[in-house]
1. Does T68 count as modelled with pLDDT under 95, more than 18 Å from K42 (Cα to Cα), among the polar types (S, T, N, Q) and outside any helix (DSSP H, G or I)?
2. For the stretch 81-98, enumerate the residues that are among the charged types (D, E, K, R) and outside any loop (DSSP other than H, G, I, E, B).
3. When you look at D87, is it at pLDDT 95 or above, surrounded by 15 or more Cβ atoms within 10 Å (Cβ to Cβ) and acidic (D, E), yes or no?
4. Which pairs do you get when a residue that is touching a residue at least 40 places away in the same chain (Cβ under 8 Å) and surrounded by fewer than 19 Cβ atoms within 10 Å (Cβ to Cβ), found in the stretch 70-81, comes within reach of a residue that is aromatic (F, W, Y) and assigned to a helix (DSSP H, G or I), reach meaning Cβ atoms under 7 angstrom, with the pair 6+ apart or on two chains?
5. Among the residues of the stretch 51-65, is there at least one that is aliphatic (A, V, I, L, M), outside any strand (DSSP E or B), surrounded by 15 or more Cβ atoms within 10 Å (Cβ to Cβ) and in contact with a Leu (Cβ under 6 Å, 6 or more places away or on another chain)?
6. Does at least one position in the stretch 35-43 carry a residue that is over 15 Å from the mean Cα position of the chain (by Cα), part of a helix (DSSP H, G or I) and either modelled with pLDDT under 95 or surrounded by 15 or more Cβ atoms within 10 Å (Cβ to Cβ) (or both)?
7. When you go through (1) in contact (Cβ under 8 Å) with a residue 24 or more places away in the chain; (2) more than 15 Å from L37 (Cα to Cα) one by one for D87, which number turns out not to apply?
8. Limited to the stretch 99-150, what total is found for residues that are assigned to a helix (DSSP H, G or I) and more than 18 Å from I84 (Cβ to Cβ)?
Amino acid sequence: MMSTATAITDQGISAPHGPMPSLGALGVLPQHDGMILAIDPKYGIESFEDLRLKRPALRIATSTNYGTNFIGFTAYASMESHGITADVLESWRGKYVTAHCIEQAIALVQAGKADALLQEAIMTLWAEIMVKSKYNALPAEPSALARFAA
């Protein structure tokens, strides 16, 4: 993730921009949104272990990861911490279907262009997918969280 330390030392999402040694601080918003992967129940996947074993050709709607979108960066990093890179997903004949903001990513699921949603900001539209479509939210694995935090 982005922190003053990663920006100063040229790591993470700030790496393409080079080190920022004069940076004093980054702003922090007081919120605790979770990054959640929810999958259409037709796949019968209830954990990341199931996902890695079944290797479905999922179309995962999430935010774009083009270097400055924090949600897209975090989404891809979350999946990678669970051992699922974009290349691994593509080897299963799956792919990321991306949009710039959460409402657009949710619309991809609602339009049938994606069968999984990887997003934060759990709000009304997100809840509707979970309740109406009964999507399975996968619990993050403790070992993946440790890798993510490292």
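1. The answer is yes for T68.
2. Here is the first cut: in the stretch 81-98, the ones among the charged types (D, E, K, R) are 87, 90, 93, 95.
Correct list: D87, E90, K95.
3. No: the conditions fail for D87.
4. Close Cβ pairs (under 7 Å, with a partner that is aromatic (F, W, Y) and assigned to a helix (DSSP H, G or I)) amount to A77/F148.
5. Of the residues in the stretch 51-65, the ones aliphatic (A, V, I, L, M) are 51, 53, 57-58, 60-61.
From what is left, the residues that are outside any strand (DSSP E or B) are 51, 53, 57-58.
Then drop every residue that is not surrounded by 15 or more Cβ atoms within 10 Å (Cβ to Cβ), which leaves 51, 58.
Adding the requirement that they be in contact with a Leu (Cβ under 6 Å, 6 or more places away or on another chain) leaves none.
Checked the stretch 51-65: no residue is aliphatic (A, V, I, L, M), outside any strand (DSSP E or B), surrounded by 15 or more Cβ atoms within 10 Å (Cβ to Cβ) and in contact with a Leu (Cβ under 6 Å, 6 or more places away or on another chain).
6. Taking the stretch 35-43 first, the residues over 15 Å from the mean Cα position of the chain (by Cα) are 40-43.
Now narrow it down to the ones that are part of a helix (DSSP H, G or I): 41-43.
Right, trim to either modelled with pLDDT under 95 or surrounded by 15 or more Cβ atoms within 10 Å (Cβ to Cβ) (or both) and you get 43.
Yes, that holds for at least one residue.
7. (1) is the only condition that D87 fails.
8. At the first step, the residues of the stretch 99-150 found to be assigned to a helix (DSSP H, G or I) are 102-110, 124-132, 142-149.
Next cut, more than 18 Å from I84 (Cβ to Cβ) only: 102-104, 106-110, 124-132.
Number satisfying all stated conditions: 17.
The values are calculated or read from the model by the stated rules, or taken from the named source; none is laboratory data. Everything numeric here is computed off the predicted structure, so don't read it as measured data. Backbone-built Cβ (ideal geometry, glycine too); neighbour counts: all protein chains shown.
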